[in-house]
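J.: My structure is below; once you've seen it, I'll send some questions.
The values are calculated or read from the model by the stated rules, or taken from the named source; none is laboratory data. Here the structure is a predicted model, which means the values were calculated and not measured. Here Cβ is always computed from backbone atoms with ideal geometry, including for glycine, and neighbour counts include all displayed protein chains. We work out accessible area using only protein heavy atoms, side chains counted, and drop any ligands, DNA or RNA first. Shrake-Rupley method; radii C 1.70, N 1.55, O 1.52, S 1.80 Å.
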Amino acid sequence: MTKAETAKLQDYLRRKFANNNIRLTAMKTGDSAEVFIGEESIGVIADDKEDGDDSFVFRMAILDIDLEEEV
C-alpha cells in the first residue's frame, strides 16, 4: 500500500466515522496498514486487487471480553 493510498484511506475513515484520532500505519507486508484510534489498534485494512478491481478490506476482531460491561 502506497503512502498516498494510506493517506487517502485515513482521511476517508476520519470523515466517515467523524473521528480525527483514526491513524493508519503501513505494515511491513506492503499491502496492508494497521488502523488505530489513538494508541489502540482496532484492525487491519488490506489492498484487494482482484479481477482488475482495486478495493480495500477492513478487518476488525472483537473479543468477547471487549463486550463485557465496565464497572
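J.: Count, please, the residues in the stretch 13-35 that happen to be closer than 12 Å to ASP47 by Cα, buried (at least 17 other Cβ atoms within 10 Å of the Cβ) and touching a Ser or Thr at 6+ places or on another chain (Cβ under 7 Å).
T.: Residues flagged as closer than 12 Å to ASP47 by Cα, buried (at least 17 other Cβ atoms within 10 Å of the Cβ) and touching a Ser or Thr at 6+ places or on another chain (Cβ under 7 Å) within the stretch 13-35 amount to 1.
J.: How about the stretch 1-50: which of its residues are touching a residue at least 12 places away in the same chain (Cβ under 8 Å), more than 24 Å from LEU63 (Cα to Cα) and in a strand (DSSP E or B)?
T.: Across the stretch 1-50, the qualifying residue is only ASP47.
J.: Out of the residues in the stretch 36-68 that are acidic (Asp, Glu) and more than 23 Å from ASN19 (Cα to Cα), state the one that is most open to solvent (accessible area, probe 1.4 Å). Please lay out each step first, then the result.
T.: Here is the first cut: in the stretch 36-68, the residues acidic (Asp, Glu) are 39-40, 47-48, 50-51, 53-54, 64, 66, 68.
Remaining after also requiring more than 23 Å from ASN19 (Cα to Cα): 48, 50-51, 53-54, 64, 68.
Values: ASP48: 54, GLU50: 112, ASP51: 138, ASP53: 101, ASP54: 86, ASP64: 116, GLU68: 119 Å².
Once the filter is applied, the top-ranked residue is ASP51.
J.: Please specify each residue of the stretch 1-12 satisfying the condition of being crowded, with 17+ Cβ neighbours inside 10 Å and modelled with pLDDT of 95 or more.
T.: LEU9, GLN10
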